[in-house]
């Protein structure tokens, strides 16, 4: 299957959203899918088109920024081409450009899925609030055009002003987690250090 993932920032940018998207993209690639990421070239030092971990990354050049948002004049042309080339579209929200991509998916009859990470809340000031309103508008348009919306937990969906409006499209899927393995020796060492007499409960937070 050919899968297109679209988000504003991707690795090497570090955030929970980018790590989520990278793990999912690489996991799909390992399963034999053809995975392409369309994102911003937020750093001019990054390549416009490259392959990492079996995933093709296409970065649209950034003309200028509006708060955390980026304006990419060639994004629409890239989206036209890549949506047409792929079988399934996955969008990571919040994202200003999501509505246009979701509309392309609908018009080209490509199944489109939104993964909704969080409600956007910008700091005070007329420019951040203008950006906030614009992203909210585009997120809601994207929800109208998309086929499914994914979020982490039902509790979050029940309390999100955005997700409550689209419960019929909603599916709850926990985020991808990668845990390193631990040998028997490592486990024994941990137990000896943290609970040498075996008399007390040990609580670990991950």
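Name the helices (runs of 4 or more DSSP H) wholly inside segment 89-206 in which the number of residues that are in contact with a strand residue (DSSP E or B) (Cβ under 8 Å, 6 or more places away or on another chain) is 3 or more.
Working: elements: 98-107, 126-145, 154-159, 184-194.
Where helices (runs of 4 or more DSSP H) fall fully within segment 89-206 and carry at least 3 residues being in contact with a strand residue (DSSP E or B) (Cβ under 8 Å, 6 or more places away or on another chain), they are 98-107, 126-145.
Looking at segment 166-206, which of its residues are loosely packed, with under 10 Cβ neighbours inside 10 Å and closer than 30 Å to residue 117 by Cα?
168, 174, 177, 178, 179, 180, 181, 203, 204, 205, 206
Do you know which residues across segment 64-88 are under 15 Å from residue 37 (Cβ atoms), in a loop (DSSP other than H, G, I, E, B) and either free of Cβ contacts under 8 Å to residues at least 60 places away in the same chain or in contact with a helix residue (DSSP H, G or I) (Cβ under 6 Å, 6 or more places away or on another chain) (or both)?
72
Among the residues that make up segment 17-27, is at least one of them under 20 Å from residue 94 (Cβ atoms), at pLDDT 95 or above, within 18 Å of the chain's Cα centre (by Cα) and part of a strand (DSSP E or B)?
no
Conditions tested, residue by residue: (1) closer than 21 Å to residue 135 by Cβ; (2) surrounded by fewer than 16 Cβ atoms within 10 Å (Cβ to Cβ).
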site: 3; (1), (2): no, no
site: 12; (1), (2): no, yes
site: 29; (1), (2): no, no
site: 34; (1), (2): no, no
site: 40; (1), (2): yes, no
site: 69; (1), (2): yes, no
site: 73; (1), (2): yes, yes
site: 84; (1), (2): no, yes
site: 92; (1), (2): yes, no
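Starting from segment 99-118, take each residue that is in contact (Cβ under 8 Å) with a residue 24 or more places away in the chain and on the phi < 0 side of the Ramachandran plot and list its partners that are in a loop (DSSP other than H, G, I, E, B) and surrounded by fewer than 22 Cβ atoms within 10 Å (Cβ to Cβ), counting only C-beta distances under 6 angstrom and pairs at least six apart or across chains.
Listed pairs, sorted by first residue: 111/147; 112/147.
The values are calculated or read from the model by the stated rules, or taken from the named source; none is laboratory data. Only a predicted model underlies this, so the values are computations on that prediction, with no experimental measurement involved. Cβ atoms come from the backbone with ideal geometry, glycine included; neighbour counts cover every protein chain shown.
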